[in-house]
Every structure is written in C-alpha cells, then in structure tokens.
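Here the structure comes first, spelled out in structure tokens, and everything after it is commentary.
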Amino acid sequence: MSLGTLFGAWAGGALVTRLGPRRSLQATVAPLLIGCVAIALAPNAVILLGARLVLGFGCGSSSVAGSLYAVEIADVAVRGAMGIIGTLATGLGGLFTVSVGCIVSWYHLALVGAIAPSVLLVGTFFISDSPAILVLHGKYHEAMIVLRKLRGPHADLHSEIETIEMKNSCRAGGWQKLLSWYMAKRVATIVMIFAFQQFCGNYVFIVHTARILRKMGIPWDADRSTIIVAAVRIVGNLVSISIVDRVGRRTCLIASHAITSASLTTLGIFVYLAEAAPPENTIFSRLAWVPLFCLVLVMFGLHVGIHPVPFVLAAEYFPTSVRGQTFSVCLSSGMLFAFLALQFYSPMLAALTQPGLYWFYAAVSILAVAFTFSFVEETKGKNIG
C-alpha cells in the first residue's frame with residue numbers, strides 16, 4: 001500500500017496541475033472505491049495485495065488534491081487551520097477504523113471504508129473550483145463569484161486576484177519551474193522538514209506503539225494501544241488547529257520538536273536506568289506511569305506541529321502554477337522517509353539499544369529546531385497566490 005501511495009502522490013500532483021483540486025478529488029474516487037471493494041471480495045493474497053496497491057494509489061492522490069484544495073480556498077487568517085483539518089480527519093478516520101475493526105471482520109471493514117469515497121464523490125458536486133485555479137485558467141468572473149462567497153461582501157477581491165496573477169506570472173511553465181534556484185531551494189527546505197518529521201520517530205511511534213509499550217514493560221494489547229494513540233493524535237491536532245494561525249508555523253514546529261526532544265530524552269534516561277537496575281529494585285516498576293506519560297507526551301508533541309505543519313508549509317511555500325508538482329515531490333519525499341524510518345527501526349534498535357534509539361530521535365528533533373530557526377520562512381498571514 002505504501003508503494004501505491006507513493007505513486008498516487010506523484011499522480012495527484014499531475015492531476016491537480018491539469019484538472020485542479022476539485023476535479024482531481026472526483027477522479028480519485030474510482031481507485032478508492034475499487035480498492036475497498038476488491039479488498040472485501042479478494043479470493044486470494046495476490047488480489048488482496050493488488051487491491052491494497054490500488055487503494056494506496058487513491059489515498060496518495062486524494063491526499064494531494066484534498067490538502068491543496070483546503071489551502072487554496074481558505075482565507076489568509078485561517079489557512080493554517082484549514083490545512084491541518086486534513087490531518088485531523090486522517091486521525092479521526094484511523095480511530096473510527098480501529099474501533100469498527102474491533103467489532104467487524106476485516107473484509108466487512110473494507111466495505112465500510114467504501115462509504116467515505118462515495119460521500120466524497122457526491123460532495124464534490126456541491127463545492128466550487130478553487131479561485132486560484134479559476135484565475136490561472138483565465139476565468140475571472142467565476143473566480144470573483146467564488147471569492148465573494150468565500151470572503152464575504154466587504155473583501156477586496158480585485159487585490160487578491162491581482163496577487164494570484166502576479167505570483168503565477170513570473171515563473172517558467174511546466175516542471176522546468178522546479179529547476180530554478182529559487183524554487184529548488186524552497187523544495188529542499190520542505191523536503192528537509194519532512195526528513196526531520198520522520199527521523200525523529202513520528203511514524204515509528206504511530207506504527208509500533210504496542211511493541212514499544214511491551215518493551216517498556218507495559219503489556220497493553222495492540223488494539224487498545226492504537227486507540228489511545230489515535231486519541232492523543234487527535235488532541236494534538238486540535239491544539240495545532242487552534243494555535244497555528246496565531247503563533248505561526250515556525251513556532252508550532254519549534255515547540256513541537258522541543259516537547260518531543262525533552263520527552264524522548266526523559267524516556268531514554270528512564271529506560272536506561274530501569275534496565276541497569278538490579279532485579280530486587282522495585283522503584284522503576286512502581287514508576288511505570290513515567291514512560292507511559294512520556295510516550296503520551298511524545299505523541300502529543302508530534303501532532304502539535306511535527307506531523308501536520310509540514311503539509312501546510314508544502315502547500316503554502318509555492319504559487320498555484322507549481323503547487324501540484326512541488327507538493328507531490330515533497331509528499332513523496334515524506335513517504336519515502338517514513339518507509340526508511342520504519343525499515344531502520346529494528347536494526348537501529350539492535351545497534352543503539354532502546355534508550356539510545358530514543359536519544360537519537362531526540363537529537364534529530366534538536367537539529368530540527370536549529371534548522372527551523374535558520375531556514376524556514378514564516379507563511380502566516382501571507383498571500384500565497
């Protein structure tokens with residue numbers, strides 16, 4: 001499914017560039033529905049894997065289209081929150097899926113999953129194309145109508161349209177836009193943010209929650225652990241939504257990495273001392289709540305900024321004319337880094353030991369704080385075109 005998601009992200013960028021976010025969302029419904037139904041009816045493992053590949057393709061392409069649509073229709077004052085809503089929806093969807101999966105079989109769960117893309121298809125016929133896409137295609141009258149609905153009767157629509165035209169008229173056309181030094185530098189910045197996002201343990205803690213808890217001596221079952229982690233992720237996303245347009249994207253990233261690094265350092269110290277303690281020492285068994293609290297704090301910190309904000313910046317850093325291509329490049333990089341981080345988890349655990357691995361993730365977050373201070377540009381309150 002990860003491979004399909006990677007291809008879907010690349011295809012999603014091309015679709016958005018050609019069709020715009022709204023029509024791209026409509027196009028992604030087909031692989032989502034086909035994937036869900038094929039998983040439910042798969043007669044063997046080969047068909048099941050193929051169905052997961054198709055479903056992953058739909059997930060990747062719809063992530064690109066949905067994220068870009070949310071950012072392009074949003075007013076500057078709430079654009080950050082709108083960009084994070086997609087991450088919140090993913091968390092809610094994960095919590096819903098795990099909860100329903102505790103009740104029904106996996107093939108029935110796949111059929112339940114087919115409801116969401118069906119609702120998406122119907123819903124896209126009741127929303128407008130993004131104003132930026134309309135301006136880019138020369139449909140100024142339609143853009144004015146859509147902007148009036150979105151911004152209200154007193155907004156300066158002519159100024160916004162002029163800004164969109166200006167930001168999209170000064171670059172070359174097609175993929176060659178990404179070859180300019182200005183654009184390549186901005187893409188590299190976002191790719192580095194995604195690298196820090198994954199190599200500070202983001203997906204490792206999401207995927208291996210039950211395994212990590214067992215290693216810390218907290219014997220929770222996988223379903224219960226996943227539900228708790230999903231709930232903490234949602235709380236973190238809600239906090240991020242409430243503050244990202246007030247304090248800015250950079251501040252959210254820096255605070256998130258700071259919380260995560262402090263929690264991981266504390267967790268590593270506790271695990272190191274607990275492993276070195278003699279068997280008759282019962283202090284650490286009585287303090288079993290400490291590593292659990294640290295893990296919850298790590299998950300909260302990750303989802304205040306580290307997990308959602310890179311997606312917002314990946315959309316806000318670029319004008320509409322190249323946003324589809326650049327977002328797909330950045331998102332694909334993030335998926336590749338997630339895959340590598342998950343593959344390296346077991347070898348790194350064996351080489352560094354459990355506390356050493358936590359300290360490694362903490363060190364990555366500290367580097368991310370320095371990088372964000374030095375290279376990340378604040379996009380809060382700026383018109384992105």
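Descriptive notes on the structure:
- Failed criterion for residue 98 (all others in (1) touching an Asp or Glu at 6+ places or on another chain (Cβ under 7 Å); (2) modelled with pLDDT of 90 or more hold): (2)
- Subset of the range 263-301 (residues that are assigned to a helix (DSSP H, G or I) and charged (D, E, K, R)): 275, 286
- Pairs with Cβ under 6 Å, 6+ apart, first in the range 348-361 and farther than 18 Å from residue 209 by Cβ and modelled with pLDDT of 95 or more, second among the small types (Gly, Ala, Ser) and surrounded by 20 or more Cβ atoms within 10 Å (Cβ to Cβ): 359/268
- Residue 54 being touching a Gly at 6+ places or on another chain (Cβ under 6 Å), of a type in the set (A, V, I, L, M, F, W, C) and crowded, with 19+ Cβ neighbours inside 10 Å: yes
The values are calculated or read from the model by the stated rules, or taken from the named source; none is laboratory data. Bear in mind the structure is a predicted one, so any value in this text is a computation, not a measurement. Note that each Cβ is placed from the backbone with ideal geometry, even for glycine, and that neighbours are counted across all protein chains shown.
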